[in-house]
Amino acid sequence: SSDEQNVFDSTDDEQDANDSDMDAFASSDEEEDVKETREVPKIPELASKKTKSKDKSSQLVKDQKTAVVYVGRIPHGFYEDEMKGYFGQFGTVKRLRLSRNKRTGRSKHYAYIEFEEPEVAEIVADTMNNYLLFGHILKVIQLSVSQVHPQLFDGANRKFKAIPWAKIAKQKNDNPTEEQESHRKQKAADRQKKKNKQLKKLNIDY
């Protein structure tokens, strides 16, 4: 099913088309204020590192784990600065990209974080997966080489700046071009012509 589709190896442009695949991990909060943030809490007690097999002869390179983790179901108000402060308690955060709506700037409630060492990413995944944070159960997965696309961190470590779409739209409406004004007048004339025909059918002089 589409819910089981691998969403980690898509490009940044493809990720918008795969938003429905992220719904299993994303919050349903549609009315969030992008300026509201939360205090950074302390991380929980670290999970013990699991013992793994030493035999790597049959392990493919593409299945090797990286220093990158996927974090899903991120709570409202927990944005770039808060995430870097929180996950930085595990180890140095090299890159962090919180997925946002390109038009509204609202968080899509999932992100990718790269640490300096794969071992740190493993500890983060073991400790934080299914951890309850601000009422949201996080989904944290350590990604393999095949799941880390070259463009995965495009736009990472940038300070988000809200785009004043309403102000831009108002400026366009207040200062229309000649073409826009001509189009507006033509539409108004067409509406009036249609209205006159309807009144004529009703034997109403207008």
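Placing R0 at 41 angstrom, the Cβ-Cβ distance between Glu45 and Ala166 gives a FRET efficiency of 0.35 after rounding to 0.05.
Pairs exceeding 32 Å between alpha-carbon atoms, taken from Lys172/Lys194; Lys94/Lys170; Lys170/Lys201: Lys94/Lys170; Lys170/Lys201.
No solvent, one uniform scatterer per C-alpha: report log10 I(q)/I(0) for the range 54-206 via the Debye equation at q = 0.11, 0.14, 0.15 1/Å, two decimals. Values, matching the q order: -0.60, -0.77, -0.84. Its Kirkwood hydrodynamic radius, worked out from the mean inverse distance over all distinct Cα pairs, puts the range 68-110 at 11.0 Å. By the Cα gyration tensor, the range 156-204 has an equivalent ellipsoid whose semi-axes, rounded to whole angstrom, run 42, 13, 8 from largest to smallest.
Extension gain, Ile137 to Asp81, is 18.2 nm, computed as 0.36 nm per intervening residue step minus the present C-alpha separation.
Surface exposure of the range 92-206, expressed per residue as accessible area with a 1.4 Å probe, stands at 70 Å². Measure out, as a whole number of angstrom, how far apart the alpha-carbon centroids of the range 85-159 and the range 170-188 sit. For the range 85-159 versus the range 170-188, the Cα centre distance is 45 Å. Quick check: from the Cα gyration tensor, does the range 62-147 come out rounded (a/c under 1.5), prolate or oblate? Cα axes put the range 62-147 in the prolate bin. Please say if the range 124-166 is rounded, prolate or oblate, where rounded means a/c under 1.5 for a ≥ b ≥ c the square roots of the C-alpha gyration tensor eigenvalues, and otherwise the choice is prolate for a/b larger than b/c and oblate otherwise? Since a/c reaches 1.5 but b/c is at least a/b, the shape of the range 124-166 is classed as oblate.
The values are calculated or read from the model by the stated rules, or taken from the named source; none is laboratory data. None of these values were measured; they are calculated from a predicted model. Positions of Cβ are backbone-derived with ideal geometry, glycine not excepted, and every protein chain shown enters the neighbour counts. When the accessible area is computed, the model is the full protein with side chains, heavy atoms only, and any ligands, DNA or RNA have been set aside. Shrake-Rupley method; radii C 1.70, N 1.55, O 1.52, S 1.80 Å.
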